Amino acid sequence: NKRREIRRKAIEADHEQRIKEVRAKIESLHSTRYTRITKMQNNVCGKLEALNSRRESLEKQILTSMMHIESQTKMMATELDAMFSGRLEDLEEDTLTPIPQIPK
């Protein structure tokens, strides 16, 4: 009976030890996984921030280019209008007949 009690206690102690070891392994794996996931998330966030900055930069370049094209187009339209107006005046002087004005 005493032997049985000693053997039972040894088995229980061994069982408790195994439970502690498994818990420690699980906690270790959890900690490792958490650290790895955190690193990956930080890397992804860093890449996302870099891409966002690049996007903003490209949007600014596009806007600047569009504004430049718009100002160049307006300037060319003004020059063409002045040229056509001058040419119409020259034609009127040559023909002495008024040419109907094109509405703007």
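Derivation of every value follows stated rules applied to the coordinates shown; laboratory data play no part. Please read these numbers as outputs of a predicted model, since none were measured by experiment. No Cβ is skipped: glycine too gets one built from the backbone with ideal geometry, and neighbour counts run over all protein chains shown.
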Residue separation between Leu91 and Glu5 times 0.36 nm, minus their alpha-carbon distance, gives in nm 18.4 nm
If the only charges are +1 at each Lys and Arg Cβ and -1 at each Asp and Glu Cβ, what is the size of the charge dipole of segment 1-51 around the Cα centre, to the nearest 20 debye? 400
Helix 2-95 vs. the chain, principal-axis angle (Cα, 0 to 90°, nearest 10): 0
Highest GNM mean-square fluctuation among Lys74, Lys39, Lys20, for the chain with Cα springs under 10 Å, belongs to Lys20
Mind putting a number on the dipole of the chain about its Cα centre? Charges go on the C-beta only, +1 for Lys and Arg and -1 for Asp and Glu, and I need it in Debye to the nearest 20. 2960
